[in-house]
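The values are calculated or read from the model by the stated rules, or taken from the named source; none is laboratory data. All figures in this text were calculated on a predicted structure; none of them were measured in a lab. Reconstructed Cβ throughout: ideal geometry from the backbone, glycine too, with neighbour counts over all protein chains shown.
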Amino acid sequence: MLTVEAFTFNPFSENSYVIINNKKQCWFVDPGMCDAEENKAMNAFIIENQLSPQGVINTHAHIDHILGVQALKDKYKITFGLHKTELPVLSMAQASAAMFGVSLTEVPVPDWFIKEGQPLKLGDDTLEVFYTPGHSPGSISFYYPEGNWVLAGDVLFQGSIGRTDLPGGDFNTLIKSIRTHLFTLPDNTIVLSGHGDATTIGDEKRYNPFLK
Ligand SMILES: [Zn+2]
């Protein structure tokens with residue numbers, strides 16, 4: 001059984017997640033630590049819980065979601081995976097760091113590409129991968145049916161949706177991703193978003209003004 005721990009990092013209040021199995025193996029999702037203090041907080045959590053990091057998997061590559069990737073790759077000698085169609089976004093990382101006034105020492109190089117329909121195994125547990133573009137060209141969501149949650153990055157928020165004005169974003173594509181991949185999940189599925197509080201599929205179907 002997988003559990004999830006959430007952290008909120010960097011000036012963008014980005015949610016970083018640690019997914020943990022019962023053997024204390026873990027994945028980092030969208031680690032956004034932007035300075036020594038935030039890296040220390042993440043590493044302290046790993047040590048306190050005696051976790052064994054297995055890799056970094058990202059929902060997408062916007063600057064606020066990748067700030068902590070390289071530090072984790074260096075420290076734990078782990079791989080970094082994301083969807084291949086997100087590479088153009090990653091290639092703009094230094095430019096967006098400069099634009100938003102944050103420091104990115106090194107752009108993390110992906111070691112492998114995550115594909116839709118190719119399950120991700122953490123020990124005996126499996127995450128399903130949905131390709132959910134629109135907020136960015138290679139956005140993906142991680143669904144864990146047994147735990148009743150989906151980690152959707154910046155695709156869907158409580159009462160809102162991801163912005164579509166950044167390069168590679170597209171409003172209609174985003175709405176289609178949500179309707180096709182997220183709104184077909186059970187209503188009580190918990191949505192873990194890249195910013196803000198968690199919500200549920202049912203609540204967003206009922207109350208989200210962008211999706212009525
Ligand atoms: Zn984003």
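Things to note:
- Residues satisfying the stated conditions in the stretch 166-196, i.e. hydroxyl-bearing (Ser, Thr, Tyr), surrounded by fewer than 20 Cβ atoms within 10 Å (Cβ to Cβ) and either within 13 Å of the ligand (Cβ to nearest atom) or in a helix (DSSP H, G or I) (or both): THR173, THR180
- Scanning the stretch 92-132 for residues that are polar (S, T, N, Q) and at pLDDT below 95 yields SER96, SER103, THR105, GLN118.
- When residues in the stretch 60-76 are screened for being part of a loop (DSSP other than H, G, I, E, B) and within 8 Å of the ligand (Cβ to nearest atom), 2 of them pass.
- Counting only residues that are out of contact with any strand residue (DSSP E or B) (no Cβ under 9 Å at 6 or more places or on another chain), in a loop (DSSP other than H, G, I, E, B) and not basic (Lys, Arg), the stretch 154-165 holds 2 of them.
- The conditions of being in contact (Cβ under 8 Å) with a residue 60 or more places away in the chain and on the phi < 0 side of the Ramachandran plot are met by SER103.
- Qualifying residue in the stretch 59-79 (condition: touching a Cys at 6+ places or on another chain (Cβ under 8 Å), in contact (Cβ under 8 Å) with a residue 40 or more places away in the chain, closer than 22 Å to ILE140 by Cα and of a type outside the set (D, E, K, R)): yes
- Candidate set from the stretch 119-153 (those that are of a type outside the set (S, T, N, Q), outside any strand (DSSP E or B) and in contact with a His (Cβ under 9 Å, 6 or more places away or on another chain)); member that is nearest to the ligand (Cβ to nearest atom): HIS135
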